[in-house]
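Asker: This is the structure, below, for whatever I ask next.
Readers should treat all values here as calculations from the given coordinates under stated rules, not as data from a laboratory. In this text the structure is predicted, and so the values were computed from the model without any measurement. Cβ: placed from backbone, ideal geometry, glycine included. Neighbour counts: every protein chain shown.
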Amino acid sequence: MHLTLVRVKGETPRGCLDMEGLITSIATEHLSSRSCPPLVMAVANSRLTALPDASALLEFLTEDERPTFILELRDEDANPEIVFRNASLDTLLTQAQEPLAFEDWVAIASNSLLSGFEFYCGRQWSSKRLRETWRIVSCDAIPARQQLACTISLDTPSRTNSQSTSTHKRHNSSQVVTPMTPLTPLWPSSVTKAQRKLADWTLAEATSPWFHFLKHFPWSDTPFGAIEIWSLELRRSTAKIMNSPDPRILIFGEEKAVMYNEAFAAIIGRHHPSSLGVPLPGIQVDKVFELVYDMAQNSYDNGKGARLINQELLIDRNGTSVQSFWDIILSPLPGADGYCDSVVGEFTEATDAVIQDQRRVHGLDIFESISRVETLSELWPKFLEALEHNAPDISYAMIYSAVDESSRICPDDLPTPDDTPLYSPFETSPSYFAKRFQLVDSVGLSADILDPTIDLSVAEHPSVPSLAGTFREALKTNDVVSHFGQKLPRELLVSTSDSVRVNSACVLPVSDLNGKPLAFAVLGLNPRRPFSEQTSGFIHYIREAVCKHAILVSLPKAQQDFQRKYEETTMALSHQLRLSILKAKKKEEKFLRIAKSAPLGMYLYAPKERTIQVNDAYLNITGTTKESLNRESALELPWLQTVSEEYLDTAVKEWQHMMNEKTPSAIEYKIRGSPDDLNPRWVSATSFPDLDENGDVYLIHGWLVDISDRVAKETLLAQRLEDALETKKATEHFLDMVSHEMRNPLSAIFQCSDEILEIIQKHLKQPRSPEIMATQFKLLEDAAQTISLCAQHQSGIFNDILTVSKLDSQLLTIMPEKVRPTDVVQKALKMYEQEARRSDINASMVVQDTYAEHITGFVMVDPNRLLQVIINLLTNAIKHTRSCRERSIIISLGASTSEPDELASNQVAYMPQTPRKLNSPLTPAPEEDHFSAAFNDTCLGEEIFLHVTVQDTGCGLSESEMKLMFKRFSQPKTYGQYGSSGLGLFLSKELIELQSGRIGVSSMEDVGTSFTFYIKCRTAVEEPGPMTLIPTLVPSSPRIKGHRPRVSRTEAFDDKDLGFLRQPSPVRNLHVLVVEDNPLNQRLCAKQLRNQGCTVHTADHGLEALEFLSKTNIASSSPSALKLDIILLDIEMPVMDGLTCIRKIRTMEDEGFLKRRLPVIAVTANARNEQIEAALEAGVNDVVTKPFRIPELLVQMSALVSGRDPG
């Protein structure tokens, strides 16, 4: 207590005290009642005596009960000098017997005394300034430990009295001591301060033997020092660990001295109390202290805490070394300098949780290991092997199996020590037991010390434990038998590898389905793990697992297969439930214990008694309670209350079928819930009937599985599929509408341009035409050709868009035909011969030697797709070559038997293949090889790779432009100058890859470009007749699956297409009925046909066509009947559409109302494959898609009327 703060009433500021004020304050409280003779003990040469009233001050200090002395400050480099000390100080120094001399301590601690405080003789010293020259230093009249409530120390305690120098030097010079300010409590306390118990054990009376031991422990002989000199921080740290109920340890100071609580002492056992107060490195080697030392050293070095989880430790409990597991956390405590000064360790036991986790994992491993065996002879060694590797609870194990099947003994003949029956009257007793059991194998102990055979018919003395007696006991109870200590049979009294004697063992009887013993498993338990209820549960689980599998492998093969299917889920559990009802409460509790932890809903229902038993999972899944089930148990089917109303009839019918047929039942239904429930719960219930001796169902057992997630996913998938189908239908409807509306006017444009050209040709042939008329006709001819070109260009772009749509929907197929590739190339050159000639371009074909080497005739390839690709490349070449100085185009053909990586002729780098989309639920799964899928069923020829190169001398492409060549709707700048949709090359690449090929390009600016591709084909076994070059609108076999119309392309006008104008028409004098609802198309088509010499009749819809048909020679023999050779039938029409009309026509033919088969060509804008197939299935002979050219249509008509193949 400070001199000026204790005795002076009121608060006195810190600082320099003048002599008058100091004397006045002292005299007020002390000298008024006392008269002491002055006793001055000042140093003779001190300037203190020169102060006014110095004698009065010194006289007071001399009589003061507090030890006091005065320091005089002289030179800055010199230590302060003691110029006065009172009698109380001398008395203290005499009684304390400190090893450090007072003068030496003052010299060492002077700096701390001048600015703060220090400890000496177990007391706290502080100073007050007197003027600038002196410091009055005093301490408490009683020890500091009794004044703890009045002073707060910021110091770290000294280790020993002799080491106080190093401790005191660690004070920061800026530290100050101020009086404690009383704190206002956060809430009112009902206990007065006098009633409260001290939390600091160093101040409180010893309330237990442990604290009595601590208070009398010689701490002064340890690095902690005497209790009286401990700082507040040290007391707080020790109180924290001592008051904790869990094991706690304190590592203190640089010496790492150890202090721990009573719970920790139980962990270290024999190392207590020799370890208390001892530096950690000096403690005898022990696993606990080794861990603590390593972790504490890390905290001292890094200033961070450390943690160990589930650390195994062997501790002494009741005189036995026991395995335990702990979570250990060490936390550093900083000293005054901020560095780690001490470490607090916290130990939390996790033994039960760790062992239970181990048993769960090991139990599953044992179950999985034995589940793989198929015979009893394999089961026993596999079971022992599983125990050896997966059961730390087991020290040793052995198995005795039943032998000597020919020699059996009745249970009544077994020797028994008392009159206890061998079986329960409520159980089915086996008729006979095998009386001898032979040792199969053992683990953990030598077989030499074990009896090779146990004979149950030989009686031993009741007082001598034996395996035979234990086996007989297990037969009585049909349960696990456990023995401990002296009750263990002599064969089981062995020690483990670390010389610890096994003191407990269990015998597990393994029986078949009829209760007859198959074997006995003897398990010696780990002495490091005390036997407990959890241990018993684990042993019972092991027995259940091996018993179930022993029963399984004992069954016939067919029953094994059925049993395995349900063993891991509920069949074994259901068997236990059935036994539970027959064997009373004990078996029922066993089932409930297993069923409670099952993730599936389990239920038992007795139809006659109308009782139902379920587990917790069943209640959670159905949302019911046990109380509600009990209330409804009187009903015939109480579980029906959980079934949604719309599934009640189905559930009842399924139940009746199971009861009548006595077969297992499975049903899925919705749980009854609130009508507003947006997420109803769905379950799958599987039930098995159990039959009594009369064949009647007496018990239903089964399980309930929550399938809500699966049903939700299926519902979502179905909804998405339905949405996708609706979207597909909407898209197809839109495309059909656009196609119909665009193709109809295109047909009119084609036919108008053909009519203009026909008129021009007729007039040009007339003699003596004026020159002016010839010029005008030339202009008209150019205009008509422009109309035709534009219409064909628009038609080509639209067909490209439709092809892209088919590619995206995975609906585009490859249809192989027998064809000569050279004919396809010649056809492409012929189609664009006039356009190339007008641009002065030399277009030719070159057949390479490799082609002649590998292809001698026909191959199986899709001619339409091949022609489409060649036309794309050829038209591009014409566009980009017509304005160049050198103008030539060469189409080269080659072949190989292996897929090329790069063509040596032009070093073309092939483009990477386009990644294919995943299978859509709307489309069939594509084959891995489109080529094989298309050809395997129709051709067995050799695989050939057909190479095609289209090389031009055009403007060429830069490297950056080539990167855009094959992207959808993308084209280089040079290509944009010529007008294009940007789809041609993209479609070409896709069509080539559909035929197991690849395409590449090489180009140089102002030199030319080469496009090279290859596709896979096969050589044709049989060769057909010569291929016609006349373009066809449908394949030669229109009814084959995968039929599609000819792919229209943007073709230049060819004068030779009008060859029919200069030659006799092949269809003259034909009588044609045109059924078309569009007046413009109807008029133009009729006019063109009449110009070719046909007799044309018209009808606006199908009903008019049928009425007209009744007036023709097809239906009537009247001389006035109109002649009719062929019908051109539109599909989309009002009143009666074309498909309905053709069906009625074919029906009339079949019923004999028409005299002969009438050729019918469908002329329609419906160009999708499905629509064309529908028309062919309805009965039309052929299909022509709009837009069409009259020359092409005439060829088809002629072929049908003459009875030839229109292809």
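Asker: Which ordering of Leu450, Leu640, Leu456 is given by a fewest-first count of other beta-carbon atoms within 10 Å? Before the final figure, lay out the partial values.
Answerer: Working: Leu450 18, Leu640 15, Leu456 22.
So the ranking, lowest neighbour count to highest, is Leu640, Leu450, Leu456.
Asker: Please report Rg (one decimal) and Dmax (integer) in Å for the Cα set of the stretch 585-706.
Answerer: Gyration radius and largest Cα-Cα distance of the stretch 585-706: 14.3, 48 Å.
Asker: If you plug each phi of the stretch 304-312 into the Karplus form 6.51 cos²θ - 1.76 cosθ + 1.60 with θ = phi - 60°, what whole-Hz ³J(HN,Hα) values come out, in order, with x for Gly and Pro?
Answerer: 10, x, 9, 9, 10, 10, 6, 7, 7
Asker: Can you run phi through the Karplus equation (6.51, -1.76, 1.60; θ = phi - 60°) for the stretch 286-296 and list ³J(HN,Hα) in whole Hz, with x for Gly and Pro?
Answerer: 8, 4, 5, 6, 4, 4, 5, 4, 4, 5, 5
Asker: So for the stretch 585-706, taking the charge dipole from beta-carbon charges (+1 Lys/Arg, -1 Asp/Glu), which of Leu619, Pro689, Ser597 sits furthest toward the positive end?
Answerer: Comparing the listed Cα positions along the dipole, Ser597 ranks first.
Asker: List, in order, the whole-Hz ³J(HN,Hα) value for each residue of the stretch 389-401 obtained from phi through the Karplus relation with A = 6.51, B = -1.76, C = 1.60 and θ = phi - 60°; use x for Gly and Pro.
Answerer: Per residue, the Karplus-derived 3J(HN,Hα) values read 9, 10, 9, x, 6, 9, 8, 8, 8, 8, 10, 10, 10 Hz.
Asker: Could you list Thr453, Thr133 in order of exposure, starting from the residue whose Cβ has the fewest other Cβ atoms within 10 Å? Let's see the in-between values first.
Answerer: Details: Thr453 11, Thr133 16.
Fewest-to-most ranking of Thr453, Thr133: Thr453, Thr133.
Asker: When a/c is below 1.5 the answer is rounded, else prolate if a/b is larger than b/c, else oblate, so apply that to the stretch 209-349 with a ≥ b ≥ c taken from the square roots of the Cα gyration tensor eigenvalues.
Answerer: Values: a/c = 1.73, a/b = 1.18, b/c = 1.47.
Here the stretch 209-349 falls in the oblate category.
Asker: Right, something else. Using modelled backbone amide H atoms (1.01 Å from N, in-plane), which distant-in-sequence or interchain residues come within less than 5 Å of Ala909's amide H?
Answerer: Here the answer is Val1001, since their amide H atoms fall under 5 Å of that of Ala909.
Asker: Sticking with this one: With the cut-off at 28 Å, tell me which of the pairs Lys476/Lys548; Lys879/Lys989; Lys626/Lys670; Lys287/Lys487; Lys435/Lys596 have Cα atoms farther apart than that.
Answerer: Lys287/Lys487; Lys435/Lys596
Asker: When a/c is below 1.5 the answer is rounded, else prolate if a/b is larger than b/c, else oblate, so apply that to the stretch 1166-1206 with a ≥ b ≥ c taken from the square roots of the Cα gyration tensor eigenvalues. If you can, show how the numbers build up before the last one.
Answerer: On the way: a/c = 3.52, a/b = 1.34, b/c = 2.62.
It comes out oblate by the Cα gyration axes.
Asker: In addition: If you take the square roots of the eigenvalues of the alpha-carbon gyration tensor of the stretch 1078-1177 and sort them as a ≥ b ≥ c, do you get rounded (a/c under 1.5), prolate (a/b over b/c) or oblate?
Answerer: On the way: a/c = 1.86, a/b = 1.14, b/c = 1.63.
The shape class here is oblate.
Asker: Need one number: nm distance between label points at Ser1202 and Ala606, each 7 Å from Cα along Cα→Cβ, rounded to one decimal.
Answerer: About 9.4 nm, to one decimal.
Asker: Give the distance, in whole Å, between the Cα centre of the stretch 227-302 and the Cα centre of the stretch 1081-1137.
Answerer: 114 Å
Asker: What list do you get for His271, His389, His461, His947 if you sort them by fewest beta carbons within 10 Å?
Answerer: On the way: His271 19, His389 12, His461 9, His947 22.
Ordered by Cβ neighbours within 10 Å, fewest first: His461, His389, His271, His947.
Asker: Excluding Leu313 itself, calculate the net charge of residues whose Cβ lies under 12 Å from the Cβ of Leu313, where each Lys or Arg counts +1 and each Asp or Glu counts -1. Please report the intermediate quantities before stating the final value.
Answerer: Numbers: positive: Lys287, Arg317, Arg528; negative: Asp286, Glu290, Glu312, Asp316, Asp327, Glu349.
Here the count lands on -3.
Asker: Over what distance in Å are the Cα centres of the stretch 822-898 and the stretch 472-497 separated?
Answerer: Answer, in whole Å: 95.
Asker: Rounded to the nearest 0.05, what FRET efficiency do Ser331 and Ser536 give with R0 = 60 Å and r taken as the Cβ-Cβ distance? Could you check?
Answerer: Values: r = 39 Å, r/R0 = 0.65.
Efficiency at R0 = 60 Å is approximately 0.95.
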